[in-house]
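The values are calculated or read from the model by the stated rules, or taken from the named source; none is laboratory data. Just so it is clear, the model here is predicted, and its values are computed rather than measured. Positions of Cβ are generated from backbone atoms using ideal geometry, with glycine treated the same way; all protein chains shown enter the neighbour counts.
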Amino acid sequence: MEAFSIATSTGLGYGGAWAVSIALFGLIAWITLVVERKKKAPKMAPLPTTSGWKRIFRGSWPLFAAAIALAVLNALTLMTRGNPWGITSAFALWGSKAASFFGVDVASWSYWQGANAQALEASIFADSTTVLNFGVILGAFLASAAGGLFKFSNLTKGNVTAAIIGGLLMGYGARLAFGCNIGAYFGGIASFSLHGYVWGIMALAGTFIALYLRPLFGLSVPKPKDSFC
């Protein structure tokens, strides 16, 4: 089933779809500010940073600058790959290759029929999503280390269990949705597809539920200083 495109399915065109998206972003930002003020949410602790040109390499970027950099890099990814930025399809490839190594006939699965069959037979380094993922992992490590934020948290039975269950659910859900917060949400909205907004709504609902599940694993739940009531 093809995705519902705001640009083509509604006849608005890309300019109209862009205007609708900007209006929705503005509405979401306004609602967020209203809720934040009523909830009197505590401020986030400032991240380590520096000033001047050194802030590019060691420091927290302003949200506006980071958003522009992310949009430009996403556009370059689309231009060079011919596809929007994605992440989780590589996980399916890695897992299938590992399963194949242990004798599982993954080539017979419907997912690896047609155009996907070539990716299963080739090296993982021939897969552009895999190369992108390695770049993201390396880049995140370097940025975290340069900003002085890289550290190992205290591992407990609770947070390890929560991480394993959460990771499995996120990975399984991302494959069912044919994308994660990048391929389905970010890439979907950037492509003016309605499914990106649906994904975002469901993700917020899941996050809300997860907050009530955190105490089951011994994890704290951040609370505003004052209640809304």
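Each row is one residue, and each column tells you yes or no for (1) among the aromatic types (Phe, Trp, Tyr); (2) more than 17 Å from the chain's Cα centre (by Cα); (3) surrounded by 13 or more Cβ atoms within 10 Å (Cβ to Cβ).
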| residue | (1), (2), (3) |
| --- | --- |
| THR80 | no, yes, no |
| PRO84 | no, no, yes |
| ALA119 | no, yes, yes |
| ALA146 | no, yes, yes |
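Do you know which of the residues in segment 1-47 that are of a type in the set (Ser, Thr, Tyr) and over 30 Å from SER60 (Cα atoms) is modelled with the highest pLDDT?
Ranking the candidates gives TYR14 first.
Looking at THR77, THR130, which is the one that is assigned to a helix (DSSP H, G or I), outside the structural domain of GLY179 (by TED's automatic domain parsing), within 22 Å of GLY188 (Cα to Cα) and modelled with pLDDT of 90 or more? So that I can check it myself, show each step before the final result.
Numbers: THR77 fails: modelled with pLDDT of 90 or more.
Every option except THR130 fails the conditions.
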Contacts under 6 angstrom Cβ, first residue in segment 122-136 being closer than 15 Å to PRO84 by Cβ, partner surrounded by fewer than 17 Cβ atoms within 10 Å (Cβ to Cβ), 6 or more apart: SER128/ARG81
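Yes/no per residue for (1) at pLDDT 85 or above; (2) within 14 Å of ALA92 (Cβ to Cβ):
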position: ALA162; (1), (2): yes, no
position: GLY166; (1), (2): yes, no
position: PHE178; (1), (2): no, yes
position: GLY187; (1), (2): no, no
position: SER191; (1), (2): no, no
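Looking only at segment 51-61, how many residues end up being of a type outside the set (Ser, Thr, Tyr), on the phi < 0 side of the Ramachandran plot and surrounded by 11 or more Cβ atoms within 10 Å (Cβ to Cβ)?
Step one: list which residues in segment 51-61 are of a type outside the set (Ser, Thr, Tyr), which gives 52-59, 61.
Adding the requirement that they be on the phi < 0 side of the Ramachandran plot leaves 53-58, 61.
Now drop any that are not surrounded by 11 or more Cβ atoms within 10 Å (Cβ to Cβ), which leaves 54-58, 61.
The number of residues fulfilling the criteria is 6.
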